[in-house]
Amino acid sequence: MISRHLFTLAAANGASAGTLKPLSASLELNERYSPYCRATFTVAMPNDAVLALLNPRGGTVAGVFTVRYRDPIPASAVTALIGAPVTVADVTAYLAGRPISAISDAITPAWNQEDRAGVTLPFRLRVDEVTPDYKRGTVDITASSFESRLQEYPYPGTGVLLAPGQNIGFVTRLVVRTVIAGTEIEREGITATLPEEVTWAEGTTAWDFLDSILQPAGLTLQCTEIGVWRLIPANATPTTTYTLDRPTAIEPRDNRDDWADAAVVVYEWSDGTTTHKQSDITYSGNPQKIMIVRHTDIVYPGPGAAAQLLARAQKQGHDLNVEAVSDYTVHPGQAIAVSSPVTEPETARITAVSFTWPENRMRITTQEDGA
Amino acid sequence: MTTTITSGTTTFTPILIRDYQSTQTSGNLIHELLGGEVDVTLREASTRSGSLQLLFPDEATAQACRAAHASAAVFELHQTDATSVEMTYVVDGRLEVAPDEEAENVWWVTVEYRELV
(Lines give C-alpha, C1' and ligand atoms only; values in the text may rest on other atoms or scores of the structure.)
Protein backbone atom coordinates (compact mmCIF):
# COMPACT_ATOMS: atom_id res chain seq x y z
CA MET A 1 0.00 0.00 0.00
CA ILE A 2 1.30 3.43 -0.93
CA SER A 3 0.16 6.44 1.05
CA ARG A 4 1.04 9.98 1.90
CA HIS A 5 0.72 11.37 5.43
CA LEU A 6 0.31 15.03 6.24
CA PHE A 7 0.14 16.78 9.58
CA THR A 8 -0.78 20.35 10.54
CA LEU A 9 -0.73 21.92 13.99
CA ALA A 10 -1.81 25.26 15.45
CA ALA A 11 -1.83 26.91 18.87
CA ALA A 12 -4.75 28.86 20.34
CA ASN A 13 -5.37 30.78 23.53
CA GLY A 14 -8.60 32.68 24.01
CA ALA A 15 -9.41 34.41 20.72
CA SER A 16 -5.82 34.30 19.42
CA ALA A 17 -4.31 31.58 17.26
CA GLY A 18 -1.05 30.89 15.46
CA THR A 19 0.40 28.22 13.18
CA LEU A 20 3.11 25.86 14.39
CA LYS A 21 5.69 24.02 12.29
CA PRO A 22 5.66 20.43 13.57
CA LEU A 23 8.85 18.35 13.49
CA SER A 24 7.43 15.26 15.17
CA ALA A 25 4.23 14.12 16.81
CA SER A 26 2.91 11.22 18.83
CA LEU A 27 -0.78 10.93 19.70
CA GLU A 28 -2.32 8.14 21.74
CA LEU A 29 -5.98 7.21 22.21
CA ASN A 30 -6.36 4.90 25.21
CA GLU A 31 -9.67 3.73 26.68
CA ARG A 32 -7.85 2.47 29.79
CA TYR A 33 -6.39 5.82 30.71
CA SER A 34 -7.65 9.26 31.63
CA PRO A 35 -7.14 11.58 29.84
CA TYR A 36 -8.30 9.42 26.93
CA CYS A 37 -6.07 11.28 24.46
CA ARG A 38 -2.45 12.23 25.21
CA ALA A 39 0.03 13.68 22.76
CA THR A 40 3.55 15.02 22.49
CA PHE A 41 4.79 17.34 19.78
CA THR A 42 8.11 18.87 18.87
CA VAL A 43 7.80 22.04 16.81
CA ALA A 44 10.23 24.55 15.35
CA MET A 45 10.68 27.55 17.67
CA PRO A 46 7.83 29.96 16.82
CA ASN A 47 7.94 33.72 17.39
CA ASP A 48 7.32 35.02 20.90
CA ALA A 49 3.65 35.80 20.26
CA VAL A 50 2.86 32.23 19.16
CA LEU A 51 5.02 30.75 21.93
CA ALA A 52 2.97 32.73 24.45
CA LEU A 53 -0.24 31.10 23.12
CA LEU A 54 1.11 27.72 24.24
CA ASN A 55 1.05 28.73 27.90
CA PRO A 56 -0.58 25.78 29.73
CA ARG A 57 -2.70 28.27 31.66
CA GLY A 58 -5.29 28.42 28.89
CA GLY A 59 -3.40 27.26 25.81
CA THR A 60 -4.71 24.62 23.43
CA VAL A 61 -3.29 22.92 20.37
CA ALA A 62 -5.36 21.75 17.45
CA GLY A 63 -4.27 19.77 14.42
CA VAL A 64 -5.16 17.28 11.74
CA PHE A 65 -3.49 14.05 10.67
CA THR A 66 -4.32 13.24 7.05
CA VAL A 67 -3.58 10.17 4.95
CA ARG A 68 -4.11 10.02 1.20
CA TYR A 69 -3.98 6.98 -1.04
CA ARG A 70 -3.94 8.91 -4.32
CA ASP A 71 -2.91 12.37 -5.45
CA PRO A 72 -5.41 15.13 -4.77
CA ILE A 73 -7.03 16.52 -7.89
CA PRO A 74 -5.18 19.72 -8.85
CA ALA A 75 -7.12 22.49 -10.59
CA SER A 76 -4.62 22.34 -13.44
CA ALA A 77 -5.59 18.71 -14.13
CA VAL A 78 -9.25 19.67 -14.45
CA THR A 79 -8.32 22.52 -16.76
CA ALA A 80 -6.17 20.20 -18.87
CA LEU A 81 -9.02 17.72 -19.19
CA ILE A 82 -11.82 20.13 -20.00
CA GLY A 83 -9.90 22.89 -21.72
CA ALA A 84 -9.20 26.45 -20.64
CA PRO A 85 -10.82 28.74 -19.78
CA VAL A 86 -13.01 26.50 -17.61
CA THR A 87 -16.43 27.86 -16.76
CA VAL A 88 -19.09 26.24 -14.59
CA ALA A 89 -21.03 25.54 -17.78
CA ASP A 90 -18.00 23.71 -19.23
CA VAL A 91 -17.77 21.49 -16.16
CA THR A 92 -21.51 20.79 -16.21
CA ALA A 93 -21.37 19.83 -19.87
CA TYR A 94 -18.35 17.61 -19.32
CA LEU A 95 -19.80 15.83 -16.30
CA ALA A 96 -23.12 15.04 -17.99
CA GLY A 97 -23.54 11.28 -18.21
CA ARG A 98 -20.16 10.36 -16.72
CA PRO A 99 -19.62 8.62 -13.40
CA ILE A 100 -17.49 10.64 -11.02
CA SER A 101 -15.08 7.71 -10.60
CA ALA A 102 -14.25 7.78 -14.32
CA ILE A 103 -13.40 11.44 -14.08
CA SER A 104 -11.21 11.09 -11.01
CA ASP A 105 -9.50 8.06 -12.56
CA ALA A 106 -8.82 10.10 -15.68
CA ILE A 107 -7.08 12.93 -13.90
CA THR A 108 -5.47 11.51 -10.77
CA PRO A 109 -2.82 8.82 -10.71
CA ALA A 110 -3.89 5.92 -8.47
CA TRP A 111 -1.04 4.69 -6.28
CA ASN A 112 -2.65 1.40 -5.35
CA GLN A 113 -4.60 -1.34 -7.10
CA GLU A 114 -7.21 -1.17 -4.37
CA ASP A 115 -8.33 2.44 -4.30
CA ARG A 116 -9.15 3.90 -0.91
CA ALA A 117 -10.56 7.19 0.26
CA GLY A 118 -8.30 9.41 2.33
CA VAL A 119 -8.92 9.81 6.06
CA THR A 120 -8.37 12.63 8.54
CA LEU A 121 -7.97 12.63 12.31
CA PRO A 122 -8.64 16.11 13.70
CA PHE A 123 -7.96 16.86 17.36
CA ARG A 124 -8.00 19.66 19.89
CA LEU A 125 -6.14 19.24 23.17
CA ARG A 126 -5.25 21.13 26.32
CA VAL A 127 -1.59 22.08 26.64
CA ASP A 128 -0.08 20.48 29.76
CA GLU A 129 3.58 21.41 29.46
CA VAL A 130 5.78 23.47 27.17
CA THR A 131 9.57 23.20 27.09
CA PRO A 132 11.41 25.53 24.73
CA ASP A 133 14.93 24.46 23.79
CA TYR A 134 16.67 27.59 22.59
CA LYS A 135 19.85 25.78 21.66
CA ARG A 136 18.08 23.35 19.33
CA GLY A 137 15.53 25.94 18.25
CA THR A 138 12.61 23.67 19.10
CA VAL A 139 9.72 23.48 21.53
CA ASP A 140 8.46 20.27 23.15
CA ILE A 141 4.74 20.27 23.92
CA THR A 142 2.68 17.75 25.85
CA ALA A 143 -1.08 17.99 25.62
CA SER A 144 -4.12 15.92 26.52
CA SER A 145 -7.89 15.83 26.33
CA PHE A 146 -9.92 17.83 28.80
CA GLU A 147 -10.49 15.24 31.57
CA SER A 148 -7.72 17.03 33.46
CA ARG A 149 -10.15 19.89 34.07
CA LEU A 150 -12.16 17.50 36.29
CA GLN A 151 -9.01 16.00 37.82
CA GLU A 152 -7.84 19.47 38.86
CA TYR A 153 -11.14 20.50 40.52
CA PRO A 154 -11.51 19.51 44.18
CA TYR A 155 -15.03 20.39 45.37
CA PRO A 156 -14.69 23.70 47.21
CA GLY A 157 -18.01 23.66 49.11
CA THR A 158 -19.16 21.62 52.05
CA GLY A 159 -20.34 18.70 49.94
CA VAL A 160 -23.18 17.76 47.60
CA LEU A 161 -25.64 15.07 48.64
CA LEU A 162 -27.20 13.04 45.83
CA ALA A 163 -30.22 10.87 46.49
CA PRO A 164 -30.48 7.23 45.32
CA GLY A 165 -32.40 6.57 42.12
CA GLN A 166 -31.00 9.48 40.14
CA ASN A 167 -29.87 8.72 36.58
CA ILE A 168 -26.08 8.41 36.55
CA GLY A 169 -25.90 10.14 33.17
CA PHE A 170 -27.71 13.12 34.61
CA VAL A 171 -25.47 13.17 37.70
CA THR A 172 -22.37 13.01 35.47
CA ARG A 173 -23.55 16.00 33.44
CA LEU A 174 -24.29 17.90 36.66
CA VAL A 175 -20.76 17.30 37.96
CA VAL A 176 -19.04 18.10 34.65
CA ARG A 177 -21.09 21.29 34.27
CA THR A 178 -20.06 22.37 37.77
CA VAL A 179 -16.49 22.48 36.42
CA ILE A 180 -17.03 23.39 32.75
CA ALA A 181 -20.26 25.37 32.29
CA GLY A 182 -22.53 24.38 29.44
CA THR A 183 -20.84 21.05 28.64
CA GLU A 184 -23.00 18.51 26.82
CA ILE A 185 -22.37 14.80 27.30
CA GLU A 186 -23.27 12.04 24.88
CA ARG A 187 -25.07 9.52 27.10
CA GLU A 188 -27.66 7.77 24.96
CA GLY A 189 -28.94 4.54 26.47
CA ILE A 190 -27.44 5.14 29.90
CA THR A 191 -30.19 4.05 32.28
CA ALA A 192 -28.14 3.15 35.37
CA THR A 193 -29.19 4.93 38.54
CA LEU A 194 -27.45 5.67 41.83
CA PRO A 195 -27.98 2.59 44.05
CA GLU A 196 -27.34 4.50 47.26
CA GLU A 197 -27.08 8.02 48.55
CA VAL A 198 -23.70 9.49 47.60
CA THR A 199 -21.84 12.61 48.65
CA TRP A 200 -19.46 14.68 46.56
CA ALA A 201 -17.35 15.61 49.55
CA GLU A 202 -15.38 18.78 50.06
CA GLY A 203 -11.89 18.37 48.62
CA THR A 204 -12.72 15.34 46.45
CA THR A 205 -11.99 16.08 42.81
CA ALA A 206 -14.82 15.94 40.31
CA TRP A 207 -13.00 13.12 38.53
CA ASP A 208 -12.50 10.97 41.64
CA PHE A 209 -16.11 11.47 42.66
CA LEU A 210 -17.42 10.50 39.23
CA ASP A 211 -15.05 7.53 39.13
CA SER A 212 -16.53 6.28 42.41
CA ILE A 213 -20.05 6.16 40.95
CA LEU A 214 -19.21 5.27 37.33
CA GLN A 215 -16.90 2.35 38.01
CA PRO A 216 -19.47 0.27 39.96
CA ALA A 217 -22.00 0.97 37.20
CA GLY A 218 -19.56 -0.27 34.54
CA LEU A 219 -19.37 3.12 32.85
CA THR A 220 -16.49 5.24 31.55
CA LEU A 221 -16.42 8.99 30.99
CA GLN A 222 -14.20 10.12 28.13
CA CYS A 223 -13.41 13.39 26.45
CA THR A 224 -12.49 12.47 22.89
CA GLU A 225 -9.60 13.91 20.92
CA ILE A 226 -11.94 16.53 19.43
CA GLY A 227 -13.39 17.50 22.81
CA VAL A 228 -16.66 15.54 22.76
CA TRP A 229 -17.62 14.26 26.22
CA ARG A 230 -19.21 10.83 26.22
CA LEU A 231 -20.41 8.41 28.86
CA ILE A 232 -20.12 4.84 27.55
CA PRO A 233 -20.19 1.31 28.94
CA ALA A 234 -16.68 0.19 29.85
CA ASN A 235 -15.68 -2.80 27.70
CA ALA A 236 -18.73 -2.45 25.47
CA THR A 237 -18.88 -5.18 22.83
CA PRO A 238 -17.16 -3.90 19.68
CA THR A 239 -19.53 -3.04 16.85
CA THR A 240 -16.88 -2.69 14.14
CA THR A 241 -13.84 -4.78 13.22
CA TYR A 242 -10.61 -3.37 11.87
CA THR A 243 -8.83 -5.77 9.54
CA LEU A 244 -5.05 -5.54 9.73
CA ASP A 245 -3.40 -7.71 7.09
CA ARG A 246 -0.26 -5.65 6.48
CA PRO A 247 1.43 -5.48 9.91
CA THR A 248 5.04 -4.38 10.28
CA ALA A 249 5.29 -6.05 13.71
CA ILE A 250 3.27 -8.47 15.84
CA GLU A 251 4.29 -8.79 19.47
CA PRO A 252 2.34 -11.32 21.53
CA ARG A 253 3.23 -11.79 25.20
CA ASP A 254 1.66 -13.97 27.87
CA ASN A 255 2.11 -13.03 31.52
CA ARG A 256 0.41 -12.72 34.91
CA ASP A 257 1.26 -9.02 35.43
CA ASP A 258 -2.24 -7.53 35.31
CA TRP A 259 -4.21 -10.75 35.46
CA ALA A 260 -6.23 -11.59 38.59
CA ASP A 261 -9.09 -13.88 39.54
CA ALA A 262 -10.14 -11.94 42.64
CA ALA A 263 -10.71 -8.21 43.14
CA VAL A 264 -11.03 -6.15 46.31
CA VAL A 265 -11.91 -2.46 46.36
CA VAL A 266 -11.38 -0.77 49.73
CA TYR A 267 -13.05 2.55 50.55
CA GLU A 268 -11.87 4.67 53.47
CA TRP A 269 -13.49 7.94 54.43
CA SER A 270 -14.14 10.19 57.39
CA ASP A 271 -17.38 11.93 58.35
CA GLY A 272 -15.48 14.45 60.45
CA THR A 273 -15.48 12.43 63.68
CA THR A 274 -15.16 8.80 62.69
CA THR A 275 -13.08 7.04 60.03
CA HIS A 276 -15.11 4.46 58.08
CA LYS A 277 -13.86 1.52 56.05
CA GLN A 278 -15.85 -0.73 53.75
CA SER A 279 -14.68 -3.29 51.17
CA ASP A 280 -16.23 -4.61 47.97
CA ILE A 281 -14.97 -8.14 47.21
CA THR A 282 -15.49 -10.42 44.18
CA TYR A 283 -13.76 -13.66 43.24
CA SER A 284 -14.31 -16.85 41.34
CA GLY A 285 -13.45 -20.34 42.56
CA ASN A 286 -10.29 -20.65 44.60
CA PRO A 287 -8.42 -17.43 43.72
CA GLN A 288 -4.75 -17.52 42.71
CA LYS A 289 -4.07 -13.80 42.41
CA ILE A 290 -5.89 -10.94 44.12
CA MET A 291 -6.07 -7.38 42.84
CA ILE A 292 -6.55 -4.69 45.50
CA VAL A 293 -7.53 -1.08 44.84
CA ARG A 294 -7.76 1.43 47.68
CA HIS A 295 -9.81 4.63 47.56
CA THR A 296 -9.18 7.14 50.32
CA ASP A 297 -11.58 10.02 50.97
CA ILE A 298 -14.30 8.34 48.91
CA VAL A 299 -17.54 7.26 50.58
CA TYR A 300 -18.55 3.62 49.89
CA PRO A 301 -20.87 3.88 46.88
CA GLY A 302 -22.28 0.35 47.10
CA PRO A 303 -20.99 -2.86 45.50
CA GLY A 304 -20.06 -3.24 41.83
CA ALA A 305 -16.59 -1.77 41.36
CA ALA A 306 -14.86 -5.06 42.29
CA ALA A 307 -16.94 -7.02 39.77
CA GLN A 308 -16.04 -4.54 37.03
CA LEU A 309 -12.35 -4.72 37.93
CA LEU A 310 -12.44 -8.51 37.97
CA ALA A 311 -14.17 -8.69 34.60
CA ARG A 312 -11.33 -6.62 33.14
CA ALA A 313 -8.51 -8.34 35.06
CA GLN A 314 -9.61 -11.81 33.94
CA LYS A 315 -9.08 -10.71 30.32
CA GLN A 316 -5.52 -9.59 31.02
CA GLY A 317 -2.44 -11.73 30.59
CA HIS A 318 -2.32 -12.09 26.83
CA ASP A 319 -0.86 -8.94 25.32
CA LEU A 320 -0.95 -8.54 21.58
CA ASN A 321 0.67 -5.38 20.28
CA VAL A 322 0.81 -4.78 16.55
CA GLU A 323 2.36 -2.10 14.38
CA ALA A 324 1.55 -0.94 10.88
CA VAL A 325 1.48 2.14 8.70
CA SER A 326 -0.88 4.66 10.33
CA ASP A 327 -4.56 4.37 9.49
CA TYR A 328 -6.48 7.10 11.27
CA THR A 329 -9.74 5.13 11.28
CA VAL A 330 -8.39 2.91 14.08
CA HIS A 331 -9.71 3.71 17.56
CA PRO A 332 -10.09 1.99 20.93
CA GLY A 333 -13.22 -0.11 21.37
CA GLN A 334 -13.01 -1.67 17.91
CA ALA A 335 -12.35 -5.34 17.38
CA ILE A 336 -9.24 -6.15 15.37
CA ALA A 337 -8.54 -9.13 13.12
CA VAL A 338 -4.79 -9.50 12.62
CA SER A 339 -3.29 -11.70 9.96
CA SER A 340 0.12 -12.00 8.37
CA PRO A 341 2.03 -14.53 6.28
CA VAL A 342 4.03 -15.61 9.33
CA THR A 343 1.46 -15.79 12.16
CA GLU A 344 -1.86 -17.47 12.85
CA PRO A 345 -4.89 -15.16 12.46
CA GLU A 346 -5.91 -13.61 15.76
CA THR A 347 -8.78 -11.44 16.90
CA ALA A 348 -8.75 -9.07 19.84
CA ARG A 349 -10.20 -5.84 21.17
CA ILE A 350 -8.32 -2.57 20.59
CA THR A 351 -7.70 -0.78 23.89
CA ALA A 352 -5.22 1.82 22.67
CA VAL A 353 -3.65 3.14 19.50
CA SER A 354 -0.67 5.46 19.20
CA PHE A 355 0.13 7.34 15.98
CA THR A 356 3.61 8.71 15.29
CA TRP A 357 4.57 11.27 12.69
CA PRO A 358 6.72 11.66 10.56
CA GLU A 359 7.37 7.91 11.01
CA ASN A 360 3.74 7.38 9.90
CA ARG A 361 3.48 4.29 12.07
CA MET A 362 0.75 3.26 14.47
CA ARG A 363 1.06 0.91 17.42
CA ILE A 364 -2.11 -0.87 18.46
CA THR A 365 -2.54 -2.33 21.95
CA THR A 366 -5.18 -5.00 22.44
CA GLN A 367 -6.73 -7.25 25.02
CA GLU A 368 -8.31 -10.66 24.66
CA ASP A 369 -11.37 -10.88 22.49
CA GLY A 370 -14.90 -11.08 23.82
CA ALA A 371 -14.58 -8.51 26.59
CA MET B 1 28.23 33.23 -18.29
CA THR B 2 27.67 35.52 -15.35
CA THR B 3 27.21 34.37 -11.83
CA THR B 4 25.98 36.67 -9.09
CA ILE B 5 25.44 36.01 -5.44
CA THR B 6 23.27 38.47 -3.56
CA SER B 7 22.26 38.95 0.02
CA GLY B 8 20.15 42.01 0.64
CA THR B 9 21.96 44.90 -1.05
CA THR B 10 25.30 43.07 -1.18
CA THR B 11 26.27 41.47 -4.49
CA PHE B 12 29.28 39.36 -5.39
CA THR B 13 30.26 38.48 -8.93
CA PRO B 14 32.73 35.60 -8.94
CA ILE B 15 34.75 34.98 -12.09
CA LEU B 16 33.44 31.43 -12.24
CA ILE B 17 31.91 28.58 -10.28
CA ARG B 18 33.88 25.34 -10.11
CA ASP B 19 32.92 21.90 -8.82
CA TYR B 20 29.25 22.76 -8.45
CA GLN B 21 27.37 19.70 -7.28
CA SER B 22 24.07 19.16 -5.54
CA THR B 23 22.69 16.21 -3.63
CA GLN B 24 19.15 15.42 -2.52
CA THR B 25 18.07 12.70 -0.10
CA SER B 26 14.81 10.81 -0.67
CA GLY B 27 12.13 11.39 1.96
CA ASN B 28 10.11 8.27 1.18
CA LEU B 29 9.70 5.83 4.04
CA ILE B 30 9.83 2.11 3.33
CA HIS B 31 7.94 0.03 5.89
CA GLU B 32 9.07 -3.61 5.98
CA LEU B 33 6.04 -5.87 6.45
CA LEU B 34 6.07 -9.28 8.06
CA GLY B 35 6.46 -11.66 5.15
CA GLY B 36 8.73 -9.58 2.99
CA GLU B 37 6.50 -7.04 1.25
CA VAL B 38 6.77 -3.32 1.86
CA ASP B 39 4.39 -0.44 2.38
CA VAL B 40 5.55 2.99 1.28
CA THR B 41 4.70 6.42 2.61
CA LEU B 42 5.59 9.14 0.16
CA ARG B 43 7.42 12.30 1.14
CA GLU B 44 9.31 14.95 -0.76
CA ALA B 45 13.07 14.61 -1.00
CA SER B 46 15.19 17.04 0.98
CA THR B 47 16.14 20.30 -0.71
CA ARG B 48 19.44 20.44 -2.58
CA SER B 49 22.68 20.55 -0.67
CA GLY B 50 26.29 20.51 -1.78
CA SER B 51 29.17 22.88 -2.26
CA LEU B 52 30.07 25.85 -4.47
CA GLN B 53 33.61 26.90 -5.30
CA LEU B 54 33.68 30.57 -6.23
CA LEU B 55 36.70 32.19 -7.89
CA PHE B 56 37.51 35.85 -7.14
CA PRO B 57 40.08 38.10 -8.83
CA ASP B 58 41.63 39.30 -5.59
CA GLU B 59 41.97 38.54 -1.91
CA ALA B 60 39.84 41.46 -0.71
CA THR B 61 36.75 40.43 -2.68
CA ALA B 62 37.18 36.80 -1.68
CA GLN B 63 37.44 37.76 1.99
CA ALA B 64 34.41 40.03 1.68
CA CYS B 65 32.43 37.13 0.19
CA ARG B 66 33.59 34.83 2.98
CA ALA B 67 32.69 37.41 5.64
CA ALA B 68 29.24 37.88 4.12
CA HIS B 69 28.65 34.11 4.18
CA ALA B 70 29.81 34.01 7.80
CA SER B 71 27.06 36.42 8.82
CA ALA B 72 23.50 35.41 9.64
CA ALA B 73 22.05 35.80 6.17
CA VAL B 74 20.19 34.18 3.28
CA PHE B 75 21.76 34.19 -0.20
CA GLU B 76 20.53 33.99 -3.77
CA LEU B 77 22.55 32.43 -6.55
CA HIS B 78 21.87 33.68 -10.08
CA GLN B 79 23.46 32.18 -13.15
CA THR B 80 22.75 33.51 -16.63
CA ASP B 81 23.54 30.30 -18.54
CA ALA B 82 22.73 27.34 -16.29
CA THR B 83 19.52 28.65 -14.71
CA SER B 84 18.81 25.25 -13.13
CA VAL B 85 21.50 25.96 -10.53
CA GLU B 86 19.75 29.14 -9.42
CA MET B 87 18.55 28.92 -5.85
CA THR B 88 18.09 30.57 -2.50
CA TYR B 89 20.41 29.05 0.05
CA VAL B 90 22.05 29.28 3.45
CA VAL B 91 25.48 28.13 4.53
CA ASP B 92 25.28 24.60 5.94
CA GLY B 93 28.69 23.28 6.90
CA ARG B 94 32.15 24.45 6.01
CA LEU B 95 33.13 27.86 4.66
CA GLU B 96 36.66 28.00 3.25
CA VAL B 97 38.83 30.65 1.63
CA ALA B 98 42.19 29.92 -0.02
CA PRO B 99 44.50 31.38 -2.70
CA ASP B 100 44.73 29.50 -5.98
CA GLU B 101 47.63 27.09 -6.02
CA GLU B 102 48.96 28.30 -9.37
CA ALA B 103 47.61 31.69 -10.41
CA GLU B 104 48.73 34.72 -8.45
CA ASN B 105 46.25 36.95 -6.60
CA VAL B 106 43.32 34.70 -7.44
CA TRP B 107 41.30 33.36 -4.53
CA TRP B 108 38.75 30.59 -4.03
CA VAL B 109 35.83 30.69 -1.62
CA THR B 110 34.18 27.31 -0.97
CA VAL B 111 30.66 27.32 0.51
CA GLU B 112 28.76 24.26 1.65
CA TYR B 113 25.11 25.14 1.16
CA ARG B 114 21.54 24.02 1.78
CA GLU B 115 18.83 25.17 -0.59
CA LEU B 116 15.74 26.92 0.77
CA VAL B 117 12.35 26.70 -0.93
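The values are calculated or read from the model by the stated rules, or taken from the named source; none is laboratory data. The structure presented is a predicted model; accordingly, all values stated were derived computationally and were not measured. Note: ideal-geometry Cβ built from the backbone for every residue, glycine included; neighbour counts use all protein chains shown. The protein model used for the area step is the full one, side chains on, heavy atoms only, and it has no ligands, DNA or RNA in it. Shrake-Rupley method; radii C 1.70, N 1.55, O 1.52, S 1.80 Å.
Would you be so kind as to identify which of B:PHE56, B:ALA45, B:THR9 lies farthest towards the positive end of the dipole of the range B:3-116, taking Lys and Arg as +1 and Asp and Glu as -1 on Cβ and the Cα centre as origin?
About the Cα centre, the residue reaching furthest to the positive side is B:THR9.
Which translational diffusion coefficient, to the nearest whole µm²/s, is obtained for the range A:217-321 from the Stokes-Einstein equation, given a Kirkwood hydrodynamic radius over C-alpha pairs, 37 °C and 0.692 mPa s?
197
With every atom except the alpha carbons ignored, what do you get for Rg and Dmax of the range A:108-178, in angstroms?
22.3, 66
If you roll a 1.4 Å probe over chain A with all protein chains in place, what percent of the accessible area is carbon or sulfur?
52
With unit charges on the beta carbon (Lys/Arg positive, Asp/Glu negative), name the residue among A:ILE190, A:PRO287, A:ILE141 whose Cα is farthest towards the positive pole of the charge dipole of the protein assembly as shown.
Final value for the positive-end residue is A:ILE190.
With both bridge residues required to lie in chain A, what share of the DSSP beta bridges run antiparallel, to the nearest 5%?
Bridges in chain A are about 90 percent antiparallel.
Compare the peptides A:50-57, B:23-30, A:354-361, B:40-47 by average per-residue count of other Cβ atoms within 10 angstrom and give them in order, highest first.
A:354-361, A:50-57, B:40-47, B:23-30
Starting at the first residue of the range A:286-291, write each ³J(HN,Hα) from the Karplus equation 6.51 cos²θ - 1.76 cosθ + 1.60 with θ = phi - 60°, in whole Hz, x for Gly and Pro.
Once θ is set to phi - 60°, the couplings for the range A:286-291 become 9, x, 9, 9, 10, 9 Hz.
For chain B, what is the mean residue ellipticity at 222 nm derived from helices alone (per DSSP H run of n ≥ 4: -39500 (n - 2.57); sum divided by total residues; nearest 500 deg cm²/dmol)?
My calculation for chain B gives -3000 deg cm²/dmol from helical runs alone.
About the Cα centre of the protein assembly as shown, what is the dipole size in debye to 20, counting +1 per Lys and Arg Cβ and -1 per Asp and Glu Cβ, all else neutral?
Dipole size: approximately 1220 debye.
Using only helices, what value at 222 nm comes out for chain A when you add -39,500 (n - 2.57) per DSSP H run of length 4 or more and divide by the total residues, to the nearest 500 deg cm²/dmol?
-4500 deg cm²/dmol
Compute the accessible area per residue over the range B:3-116, keeping the other protein chains in place, probe 1.4 Å, unit Å².
That works out to 54 Å² per residue.
Within a Cβ distance under 12 Å of B:GLU76, other residues only, what is the Lys/Arg minus Asp/Glu net charge?
-2
Return the carbon/sulfur percentage of the accessible area of the range B:3-116, one whole number, probe 1.4 Å, all protein chains in place.
Taking all protein chains in place, the range B:3-116 shows 48 percent carbon and sulfur surface.
What aspartates and glutamates does A:LYS135 reach when the alpha-carbon gap must be under 20 Å and sequence neighbours fewer than 8 apart in one chain are set aside?
Partners within reach: A:ASP48, B:ASP92.
Could you tell me the calculated FRET efficiency between A:VAL86 and B:GLU96, based on Cβ-Cβ distance and R0 = 51 angstrom, to the nearest 0.05?
Once the sixth-power term is evaluated, E becomes 0.45.
Please calculate how many Å² of accessible area chain A carries per residue, with a 1.4 Å probe and no DNA, RNA or ligand atoms counted.
Heavy-atom SASA per residue in chain A reads 49 Å².
Mind checking which lysines have their Cα closer than 25 Å to the Cα of A:LYS277? Skip sequence neighbours fewer than 8 apart in that chain.
A:LYS289
Using a cut-off of under 16 Å, list every residue of the range A:192-231 whose amide N is near the label point 7 Å from the Cα of A:PHE170 along the Cα-to-beta-carbon line.
The answer is A:192-198, whose backbone nitrogens lie closer than 16 Å to the label point.
With bins 10 Å wide starting at 0, give me the P(r) of the protein assembly as shown over every alpha carbon pair, in whole percents.
3, 14, 18, 20, 18, 11, 8, 5, 2, 0
Quick one: if you stick a label point 7 Å off each Cα along the C-beta vector at A:ARG116 and B:THR10, how many nm between them?
For the pair A:ARG116/B:THR10, the computed spacing is 5.1 nm.
Kindly compute the accessible surface that chains B and A hide from a 1.4 Å probe when together, both sides summed, and give it to the nearest 100 Å².
Rounded to the nearest hundred, the buried surface is 1400 Å².
Report the FRET efficiency, 1/(1 + (r/R0)^6), for B:LEU42 and A:THR243, where r is their Cβ-Cβ distance and R0 is 30 Å, rounded to 0.05.
0.80
Determine by what factor the alpha-carbon radius of gyration of the range B:3-116 differs from 2.2 N^0.38 Å, reporting the quotient.
1.36
Could you please report the charge total around A:ARG38, scoring K, R as +1 and D, E as -1 over all other residues with beta-carbon less than 11 angstrom from its beta-carbon?
Every neighbour counted, the sum reads -3.
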